[in-house]
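Below is one structure, written out as structure tokens, with a few remarks after it.
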Amino acid sequence: MMQSRYNLRLIGIALFAAVTFNAPVFEAQEPQENIVFFDPDANHQKIIQITRWFNDYLETTPIKARFRPVQNVETLWKLAESGAASYAIVSSQYLSTRRGRQLEPVLVPAQKDDVYYRKVLVVKNEQMAADLSRRTIAITVSGQEPREFFRDTLEKLEKKAIKTQDTRFLQVKKDIDALLALAFGRVDAAIVTTATFGVLSRLNPVAAKSFHRVGEIDKILRAPLCAIKGGRGGDAVATAALVEAFKKMAGSPDGEKVMSTMAIDSWVSFKPEMMEGAR
Amino acid sequence: MKPVALRHRWIILVATVALVVACAPAFKNVENVTPPPGASVDLSKRVVVLKSSDNPIFDAVVETYLGQIEHPVTIVTMNDEASDRAIAAKLEEHEPDLFLALGTRAALVVRDHFRQVPMVFAMVPAWKAHRLGERAQVAGITMESLASFDFMQFKLAVPDLRRVLVFYNPSFSGPFVKSTRQEVAGHGIELSTVPVAGATDIERAYREYKGDFDAVWLHSDPTVIQSRAFATLKRLVDEDGKVIISSVSDKFAHSGALASVSLDFPGLGSQAAVLTQRLLSDEPMPTQERIQPPIGGFLTVNMEAAKRVGLTVPRDAFPYINRIIGEDTPGKASEKAVEP
């Protein structure tokens, strides 16, 4: 009798211990989504800041997710293929690549309801609007190897009937540098996003008024949030929760700072037709 | 008179040093970069990138440069121990059509030994003193940015920036400050200039200055940018609820200045590539285009410093700030950004 009571007590202790000590293990095993982010053009410090704000924001939402920037696209693919990442925010140009097929765009960032970066050619001297031969254009390079990017840009200029014999490109870090270089006569033209004009008008209204916008040269779909097929990104419930959290981002101080730094003000649902005519 | 043995020792020492210098390899490293497929330029023209040392700061310039240049390029790192003559002799073997000289020593070797070869120089602080701009075949990028350019960047963070105070030592930067005052006036900046004799003179000069101002501007005057002078200025502007802006280095923004605009090294590489393309195509260039200030700048903004004076950095400026330090939200921990 004593022995059986002792055995029962032992079993009780063992059960209690099992429940108690396993509880945190179960909690730790609760899935956490990794949202990998790759922006070839953002500098490290800026990414650190965005990461901190992004994760601070995610902590205020019911979803368990971490924003995780990577330094090169190869790392992004490896994380996606190994199942270590469920979602990715990556330049839309990668969607059309072979490995990009594993990405399912879900949301696209927008500014004033526009899901594209629109780049326009700006000149100071109107005569150059048709002929940029042996001239220098200031531009930011995004998502591509510079020489390839420059070749593509020259093709776009030629499609607009602009002469580009021996046209040179000056790479700058930010669009405002390109406009300032033009304002100070350091280059002959600049290709910048339309949003940069508003900022220049504030900094240097006289210069802004002296510029001529020749036309839209490029239309790039902003980097979408994509679910990674085959992993937890394929889970419709988890994706719906993430989508809801992203759509509410602008309502939080940290979320708002992330969005300001990324020059966006909302996330909208992706539609396949958004890819048409865009890079 | 020295004993014979001692004299011999000196001779041996001098001879050994001479032998070491003579035998030292001219280059620390040589790397050939083949042109990319589909290059659209004359591939018979060769470029030599000459680095004064293996300082990694040069590599950031070279990386962007190579991303744009389609000619065959040889990258050479000079050996500190080799003589300039030995380096020049070895460089001749590469038969360069143009040099990109990075740093003072590289620029001087090219200036003195390759008078007929075009050169683009960058990262040479005293280029005027070295008379680098005298030859028509020489182009270059100065270390000093255009003050108006920097002030436009500062205005991203401080839209109402108008009255700026600058301390300077006339023996170092008198003419520069005078010309800058005129230059920035055209862009709506009223620059009040206060001469100082030395770092210890700054507090007196600050307290005697009776005008109002929005910010104190630091530029590359060795008297004003030394740490003691900065500490004094920081204490004084903090007491008055003002801010410091810097055109020197982002370390000042990390130390409490509101904003800094510093050199963007990859940008220098692209600028050097454009100058290379122009020289190699024999395009005539006026002097002001041959020797030019850096285009673009690395803007760092310290949100803690902004918060201290109740300044709100406009949200539409955020995408154009290269580096943001600290937090501007009350109650949030102030955490400085660090490299990953």
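Do the sum for chain B: with -39,500 (n - 2.57) for every DSSP H run of n ≥ 4, divided by all residues, what is the mean residue ellipticity at 222 nm, to the nearest 500 deg cm²/dmol?
Computed ellipticity for chain B at 222 nm equals -11500 deg cm²/dmol.
Name the most mobile residue of B:236, B:102, B:258, meaning the one with the largest mean-square fluctuation, in a Gaussian network model of chain B with Cα contacts below 10 Å.
B:236
Would you work out the charge dipole size for the stretch A:116-221 about its Cα centre, treating the Cβ of every Lys and Arg as +1 and the Cβ of every Asp and Glu as -1, and quote it to the nearest 20 debye?
Here the size comes out at about 220 debye.
Can you list the aspartates and glutamates whose alpha carbon is less than 17 Å from that of residue A:160, not counting same-chain residues fewer than 8 positions off?
A:126, A:131, A:152, A:216, A:218
Quantify how strongly other chains surround peptide B:263-276 by giving the mean number of their Cβ atoms within 10 Å of each of its Cβ atoms.
Mean partner-chain Cβ count within 10 Å for B:263-276: 4.
Counting only other residues whose beta carbon sits under 14 Å from that of residue A:164, what net charge do I get with K and R as +1, D and E as -1?
+2
What is the local net charge at residue B:142, summed over the other residues whose Cβ is closer than 13 Å to its Cβ (Lys, Arg +1; Asp, Glu -1)?
Overall, the nearby charge balance is +1.
In bins 10 Å wide, starting from 0, what share of all Cα pairs of the protein assembly as shown does each bin hold, as a percent?
Calculated over all Cα pairs of the protein assembly as shown, the distribution is 3, 14, 21, 23, 19, 11, 5, 3, 2, 1, 0, 0 percent.
Taking the stretch B:124-233, which chymotrypsin sites (Phe, Trp or Tyr not before Pro) meet the DSSP loop condition and have no more than 15 other C-beta atoms within 10 Å?
In loop regions of the stretch B:124-233 (DSSP not H, G, I, E or B), the sparsely surrounded chymotrypsin sites (Phe, Trp or Tyr not before Pro) are B:209.
About the Cα centre, and with charges only on the beta carbon of Lys, Arg (+1) and Asp, Glu (-1), how big is the dipole of the stretch A:140-279? Nearest 20 debye, please.
Rounded to the nearest 20 debye, it is 200 debye.
Compute a Gaussian network model of chain B, connecting alpha carbons closer than 10 Å, and tell me which residue from B:138, B:61, B:313 fluctuates the most.
Ranking B:138, B:61, B:313 by mean-square fluctuation puts B:313 first.
Which whole-number percent gives the relative contact order of the stretch A:93-210, counting Cα pairs below 8 Å spaced six or more residues apart?
32 percent
Considering the dipole of the stretch A:116-221 built from charges on the beta carbon (Lys and Arg +1, Asp and Glu -1) around the Cα centre, which of A:221, A:211, A:139 is farthest to its positive end?
A:211
For the stretch A:116-221, what number results from the quotient of the Cα radius of gyration and 2.2 N^0.38 Å?
0.96
Test of the criteria: in the stretch B:19-100, which chymotrypsin sites (Phe, Trp or Tyr not before Pro) are in a DSSP loop and have at most 16 other Cβ atoms within 10 angstrom of their Cβ?
The qualifying sites: there are none.
Return the aspartates and glutamates within reach of residue B:210: Cα separation strictly under 18 angstrom, same-chain partners fewer than 8 residues apart disregarded; answer none if there are no such residues.
B:190, B:201, B:238, B:239, B:240
Over 32 Å between Cα atoms: which of A:119/A:247; A:209/B:251; A:46/A:219; A:247/B:307; A:78/A:112 fall into that group?
Over 32 Å apart, Cα to Cα: A:209/B:251; A:78/A:112.
Which parts of the stretch A:115-148 would a label at residue A:213 reach, counting a residue when its backbone N lies under 12 Å from a point 7 Å out along Cα-to-Cβ?
Label zone hits: A:118-123.
Using a 10 Å cut-off around each Cβ of peptide A:178-188, what is the average number of partner chain Cβ atoms that fall inside?
The mean count of partner-chain Cβ atoms within 10 Å per residue comes to 4.
How about the stretch A:71-122: which trypsin sites (Lys or Arg not before Pro) there are in a DSSP loop, with at most 14 other Cβ atoms within 10 Å of their Cβ?
The qualifying sites are A:98, A:112.
Before anything else, pin down the relative contact order of the stretch A:174-242: Cα pairs under 8 Å, at least 6 apart, normalised by residue count, whole percent.
Computed value for the stretch A:174-242: 19 percent relative contact order.
Every number in this text was worked out from the coordinates using simple rules, so none of it is lab data. Owing to the predicted nature of the structure, the values given are computational and were not obtained by experimental measurement. Quick reminder, even Gly has a Cβ in these numbers, built from the backbone with ideal geometry, and neighbours come from all protein chains shown.
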